[in-house]
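I have placed the structure first, in the form of structure tokens, so that the comments after it can refer back to it.
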């Protein structure tokens with residue numbers, strides 16, 4: 001860590017980066033496509049939080065559950081006008097971020113579900129318990145509190161790809177971190193209480209169940225066909241055409257034929273790689289453009305801001321090679337029709353099996369038909 | 001099937017049962033603790049629905065996804081005053097149920113996600129696709145549209161255990177059905193649009209992913225210890241005491257030490273069995289009483305009707321023995337504090353790993369402290 005800004009262009013597109021430590025010891029990194037300038041004192045909005053996350057083993061689901069009792073003190077509805085993700089303008093009323101010229105910011109969550117300093121928890125008879133080792137970060141997408149990701153300029157989405165790539169490299173370089181998951185949860189409908197555009201990153205000390213399962217499946221495909229699954233999948237979707245939403249030279253978006261959500265959208269590179277950092281500059285630009293396109297279509301579909309979950313599905317960061325891994329962004333839009341949310345009910349939660357009321361082929365056609373020039377709702 | 005009511009007492013508690021076919025070919029079964037009398041003409045609320053459910057294989061999650069495009073025509077907000085789950089009083093305005101003296105009713109869902117008559121779907125290149133074979137039923141808990149399960153008399157909960165047991169036996173006897181999942185999704189907060197107290201049953205032609213995973217884990221425990229997991233778990237929870245909510249001679253409720261939801265509650269028999277139908281009459285009565293207790297505590301906790309998902313986790317019904325299977329009811333309450341819903345965000349959906357902000361030991365103490373005599377909100 002350093003408290004002196006440093007500029008590190010990481011790809012063909014310039015990216016500036018400055019690392020700081022907050023007064024309470026948390027890491028803060030500023031990112032920008034142009035020079036970072038005029039950064040004020042590094043603030044923190046409250047007393048240090050002593051995080052004591054722990055993991056307990058669920059013996060039937062065969063997965064860890066994270067416990068973070070210290071999170072119960074976190075803000076729910078902040079006082080009117082207070083936005084912890086905006087740059088600090090009044091030192092008497094500090095936010096998480098300093099004033100200054102920068103595009104994006106990443107800092108350690110004040111109430112993390114995982115911590116590299118997690119203490120060993122007390123034992124529980126019959127249940128494996130261990131420290132919740134990992135890191136949780138907040139990614140602020142812009143200084144504009146009224147924007148949405150879809151409404152940002154294309155260059156900002158391109159920068160976000162580089163920021164996610166850099167965070168994955170930085171976090172993955174830690175000997176304890178084996179998996180890095182960037183995501184955005186968007187919409188009051190799904191409990192988002194801070195409306196300033198932002199996402200999160202969870203860095204785990206193990207490969208989580210969804211990724212473990214995918215690895216098993218993808219290895220099996222590669223052993224049987226000799227090719228990474230993504231290569232076959234892209235070829236089949238291009239040939240079928242039915243489910244492709246947008247295609248560029250190095251990336252495309254589809255409603256996958258096995259979509260679990262009505263308007264589920266996957267953004268895929270055409271070359272099978274494991275990490276965002278494996279994509280070259282041209283590939284990143286196309287990947288960013290297709291993601292931008294996908295986000296705008298979701299907002300344009302019903303003329304309302306689509307609530308969604310976006311996850312960046314990369315390979316593990318445990319130092320091994322994962323030639324079978326299909327890098328992609330999965331977008332789960334929560335509306336299945338105007339005003340009609342998809343809820344996870346008995347079959348989804350109790351059996352792990354999704355029920356989808358619509359065919360992917362039809363929903364891809366609807367997303368293709370969105371006229372991007374007329375998308376207004378996302379302009380904030 | 002028969003259109004003549006028959007009475008079949010199935011356990012030490014009397015249960016009367018009458019089977020019918022609806023005019024559109026769907027099955028209807030009435031259940032009652034006392035004699036079924038005065039049943040009117042069997043109604044159906046609309047034209048027959050041609051269900052064409054299909055399954056597609058998700059290659060990364062390694063699970064089937066159900067598609068039921070015919071469900072898009074189903075009612076969302078019924079016209080004011082129309083309740084399809086109430087007994088029909090005006091033949092010109094038919095509901096799903098006839099008038100008459102009976103306690104509960106089960107009928108095939110008019111818009112099912114699975115059907116025993118599902119046709120073979122068209123192929124999709126590169127993706128395994130097959131007919132969505134199974135059955136989806138609706139279970140109406142009472143004729144009173146304003147009741148809740150928690151507010152019903154204890155005898156009615158006891159009857160529900162028998163009804164679930166009987167449906168599992170009936171559906172499981174079909175050669176195509178390998179797993180039967182009864183559940184209740186409760187609350188407008190989670191998309192329930194019909195407020196008449198009811199649950200559902202999904203009967204699958206395969207063992208779903210959550211149960212498949214549990215079987216693997218439970219077999220491993222049995223091989224290593226020689227005992228079913230449930231036996232060890234009940235002994236450990238009784239000894240620890242911390243997480244027990246209510247205990248009777250043959251059943252108990254706990255917040256499991258690996259709870260994923262804040263007030264997650266499991267209702268467990270003390271004897272390790274696979275199916276509700278394996279419980280004897282005394283065990284069923286205690287199991288029902290502990291379930292009733294658990295439901296009332298959840299409503300009493302914050303003085304509001306707790307939105308929740310309840311699933312009945314039984315062994316597969318494929319004719320094999322499952323001595324390792326832990327029969328239980330899992331209750332997932334969706335409120336983590338008054339007015340604060342738990343949403344499944346990035347880590348839960350994108351990684352399959354739950355984050356819980358509270359320790360099970362503390363939440364069990366809160367549930368124990370609910371004074372049942374003062375629970376008013378559930379009285380409807």
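The values are calculated or read from the model by the stated rules, or taken from the named source; none is laboratory data. Note that this is a predicted model, so its numbers are computed, not measured. Cβ coordinates were reconstructed from backbone atoms using ideal geometry, including for glycine residues, and neighbour counts include every protein chain displayed.
Quick notes
- Matching residues, the range A:35-67, being touching a strand residue (DSSP E or B) at 6+ places or on another chain (Cβ under 7 Å) and loosely packed, with under 15 Cβ neighbours inside 10 Å: A:35, A:37, A:38
- Residues being more than 23 Å from residue A:131 (Cβ to Cβ) and at the interface with chain B (Cβ under 8 Å from one of its Cβ atoms) - total across the range A:200-221: 6
- Note on the range B:120-150: residues that are closer than 20 Å to residue B:64 by Cβ and touching a residue at least 40 places away in the same chain (Cβ under 8 Å) amount to 13.
- Hey, residue A:73 at positive phi, out of contact with any helix residue (DSSP H, G or I) (no Cβ under 6 Å at 6 or more places or on another chain), at pLDDT below 90 and in the same structural domain as residue A:23 (by TED's automatic domain parsing) or not: no
- Test: residue in the range B:184-198 that is within 30 Å of residue B:335 (Cβ to Cβ), within 14 Å of chain A (Cβ to nearest Cβ), at pLDDT 95 or above and out of contact with any strand residue (DSSP E or B) (no Cβ under 8 Å at 6 or more places or on another chain): no
- Qualifying residue in the range A:288-300 (condition: more than 21 Å from the chain's Cα centre (by Cα), buried (at least 20 other Cβ atoms within 10 Å of the Cβ) and away from chain B (no Cβ under 11 Å)): yes
- Condition broken by residue A:274, with the remaining ones in (1) surrounded by fewer than 23 Cβ atoms within 10 Å (Cβ to Cβ); (2) in a loop (DSSP other than H, G, I, E, B); (3) more than 18 Å from the chain's Cα centre (by Cα) satisfied: (3)
- Total residues in the range B:159-183, condition touching a helix residue (DSSP H, G or I) at 6+ places or on another chain (Cβ under 7 Å), within 14 Å of another protein chain (Cβ to nearest Cβ) and surrounded by fewer than 22 Cβ atoms within 10 Å (Cβ to Cβ): 0
- Residue check for residue A:180: assigned to a strand (DSSP E or B), closer than 21 Å to residue A:81 by Cα and modelled with pLDDT of 95 or more: no
- Residue within the range A:124-136 that is surrounded by fewer than 18 Cβ atoms within 10 Å (Cβ to Cβ), under 25 Å from residue A:279 (Cα atoms) and out of contact with any strand residue (DSSP E or B) (no Cβ under 6 Å at 6 or more places or on another chain) present: no
Matching residues to (1) part of a loop (DSSP other than H, G, I, E, B); (2) within 20 Å of the chain's Cα centre (by Cα); (3) closer than 29 Å to residue B:361 by Cβ:
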site	(1), (2), (3)
A:92	yes, no, no
A:99	yes, no, no
A:111	yes, yes, yes
A:122	yes, no, yes
A:145	yes, yes, no
A:149	yes, yes, no
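- Unmet requirement for residue B:106, which otherwise passes all of (1) part of a loop (DSSP other than H, G, I, E, B); (2) crowded, with 18+ Cβ neighbours inside 10 Å: (1)
- Within the range B:227-240, residues that are more than 9 Å from every other protein chain (Cβ to nearest Cβ) and modelled with pLDDT of 95 or more sit with their Cβ atoms under 9 Å from residues that are assigned to a helix (DSSP H, G or I) and buried (at least 16 other Cβ atoms within 10 Å of the Cβ), at 6+ positions apart or across chains, in these pairs: B:227/B:221; B:228/B:218; B:228/B:221; B:228/B:222; B:230/B:218.
- Strands (runs of 3 or more DSSP E) fully within the range A:291-351 that include at least 3 residues being farther than 28 Å from residue A:219 by Cβ and in contact with a helix residue (DSSP H, G or I) (Cβ under 8 Å, 6 or more places away or on another chain): none found.
- Residues of the range A:124-136 that are assigned to a loop (DSSP other than H, G, I, E, B) and more than 10 Å from chain B (Cβ to nearest Cβ): A:133 alone.
- Contact annotation: residue pairs with Cβ atoms under 6 Å, 6 or more positions apart or on different chains, pairing a residue in the range B:302-320 that is outside the structural domain of residue B:161 (by TED's automatic domain parsing) and without any contact (Cβ under 8 Å) to a residue 60 or more places away in the chain with a partner that is surrounded by fewer than 24 Cβ atoms within 10 Å (Cβ to Cβ) and part of a loop (DSSP other than H, G, I, E, B), are B:302/B:338; B:315/B:274; B:315/B:275; B:315/B:322.
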